[in-house]
1. Would you check if Arg33 is of a type outside the set (A, V, I, L, M, F, W, C) and modelled with pLDDT of 95 or more?
2. Test Arg317 against the stated conditions and say whether it is more than 18 Å from the chain's Cα centre (by Cα) and within 16 Å of Ala355 (Cβ to Cβ).
3. If you check Ala327, Ala332, Ala323, which single one turns out to be crowded, with 22+ Cβ neighbours inside 10 Å and touching a His at 6+ places or on another chain (Cβ under 6 Å)?
4. Considering Ala226, Ala283, which residue is in contact with a strand residue (DSSP E or B) (Cβ under 7 Å, 6 or more places away or on another chain) and not in a strand (DSSP E or B)?
5. Test each condition in (1) modelled with pLDDT of 90 or more; (2) more than 17 Å from the chain's Cα centre (by Cα); (3) over 25 Å from Gly255 (Cβ atoms) for Cys157 and report the one that comes out false.
6. Could you please let me know if Val136 is outside the structural domain of Val231 (by TED's automatic domain parsing), touching a Leu at 6+ places or on another chain (Cβ under 6 Å), modelled with pLDDT of 95 or more and not small (Gly, Ala, Ser)?
7. Can you tell me which residues in the stretch 77-111 are farther than 22 Å from Pro131 by Cα and either in contact (Cβ under 8 Å) with a residue 60 or more places away in the chain or assigned to a loop (DSSP other than H, G, I, E, B) (or both)?
8. Which residues, counting only those in the stretch 131-153, are in a loop (DSSP other than H, G, I, E, B) and touching a Gly at 6+ places or on another chain (Cβ under 8 Å)?
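The values are calculated or read from the model by the stated rules, or taken from the named source; none is laboratory data. All values derive from a computational prediction rather than experimental measurement. Positions of Cβ are backbone-derived with ideal geometry, glycine not excepted, and every protein chain shown enters the neighbour counts.
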Amino acid sequence: MGDTLRRVAVLGVTGSIGQQTLEVLRREPESLRLVSIAGGRRVEEMIRIAREFSVEQIGVTNEADREKVHAEIPDVNVVVGPEGLESLASTAEVVVNAVVGFAGLPATLGALRSGARLALANKESLVVAAPLVNSVRGNSLSEIVPIDSEHCAIHQCLANSSVGHPTVRRLILTASGGPFRGRSVSELREVTLEEALQHPTWSMGPKITVDSSTLMNKGLEVLEAAALFGVSVDRIDVVIHPQSIVHSMVEYIDGSTIAQLSQPDMRLPIAYALALPERFDHAWGALSFREAVDLSFEPPNRDAFPALNLAYAVGRRGGAMPAWLSAANEVAVEAFLSGHIAWHQIVPIVEETLAHYVDDPLTSIEALYEHDAEARARARDLIRRAP
């Protein structure tokens, strides 16, 4: 990694990705230095982390939390709110954005404006706000390195190529298929909440686990890949791979397909984003091949899982429509988790919500918030009237 420490900011430090990033940092104290953190309302946890790593700055959500931090660590600089989060993105050479939801957008924009490397785990930045991010990205020396396993795999498979390179034919995102792989449309009308929360590979929160069961998560990843790599959704395919060992692939025009393989372990893409252009000598997710490794692939059943086709249609239309898709899906999943609708109603409610969308090129954060609010209101109204 050279003779100097690389300064790192971890935003969303108290969440799963943030905690695993700290694991990587603990293994590389001679290469990486944590200088700034933010972590929502879990102030006591942030204070503990700040002391362990001797951080310089902490981002909190309100003035009361600022006072708590100052009472415990008087010398640390504390910033507040979205503006503070954006300012933290200019304190480091690598900014890990693991903030959940819209709240992560200021950090993404701040990192891009500062010229830092953005290690991105915040999907919303690219799924719902791609036009805003790309307008900043086009005038920035910053680079985005994705942390999620599928997009990080593509980043690795592209190596020195780009999607715009004439030798690249398509990107191939893999999906585990979720808990309902192989079920028919009629069988899916009877699934329960308990079944939907039983992911076969990953341990995740309830919302993303439900998204995996509908394959909406993969649809959102298609939109994210299109924005991240600057390619149309029609050059991105999805394939079901139940073993979750091949994390994604790139197909070239000569017929070669390059794949990235490992056991599921988020520390691998985190370390990759922190170490580039080098790699750390920690074999997270390594495959031994001392025993047989079975790899199987199949096309997704788009009739049983219409969320995929819906996401592709949204990606072709662009503008603020991805924001509507994300917002309506969040509302529908919340309604399913609280018992107000059945699993099979989630995607139809999202689709019916999208029917009210009017094309908008999306040029400001304020407009984005307005679209988000309108989509949520439409979805909630549909849920209230659902049988």
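1. Numbers: of a type outside the set (A, V, I, L, M, F, W, C): yes; modelled with pLDDT of 95 or more: yes.
Criteria met by Arg33.
2. Working: more than 18 Å from the chain's Cα centre (by Cα): yes; within 16 Å of Ala355 (Cβ to Cβ): yes.
Yes: the conditions hold for Arg317.
3. Numbers: Ala327 fails: touching a His at 6+ places or on another chain (Cβ under 6 Å); Ala332 fails: touching a His at 6+ places or on another chain (Cβ under 6 Å).
Among Ala327, Ala332, Ala323, only Ala323 is crowded, with 22+ Cβ neighbours inside 10 Å and touching a His at 6+ places or on another chain (Cβ under 6 Å).
4. Numbers: Ala283 fails: in contact with a strand residue (DSSP E or B) (Cβ under 7 Å, 6 or more places away or on another chain).
Of Ala226, Ala283, the one residue that is in contact with a strand residue (DSSP E or B) (Cβ under 7 Å, 6 or more places away or on another chain) and not in a strand (DSSP E or B) is Ala226.
5. Failed condition: (3).
6. Values: outside the structural domain of Val231 (by TED's automatic domain parsing): yes; touching a Leu at 6+ places or on another chain (Cβ under 6 Å): yes; modelled with pLDDT of 95 or more: no; not small (Gly, Ala, Ser): yes.
No, not satisfied.
7. Restricting attention to the stretch 77-111, the residues satisfying the condition of being farther than 22 Å from Pro131 by Cα are 77-81, 84, 88, 91-94.
Selection gives Leu88, Thr91, Ala92, Glu93, Val94.
8. Pass one, the stretch 131-153, residues in a loop (DSSP other than H, G, I, E, B): 138-142, 147-148.
Within the stretch 131-153, Ser140, Leu141, Ser142 qualify.
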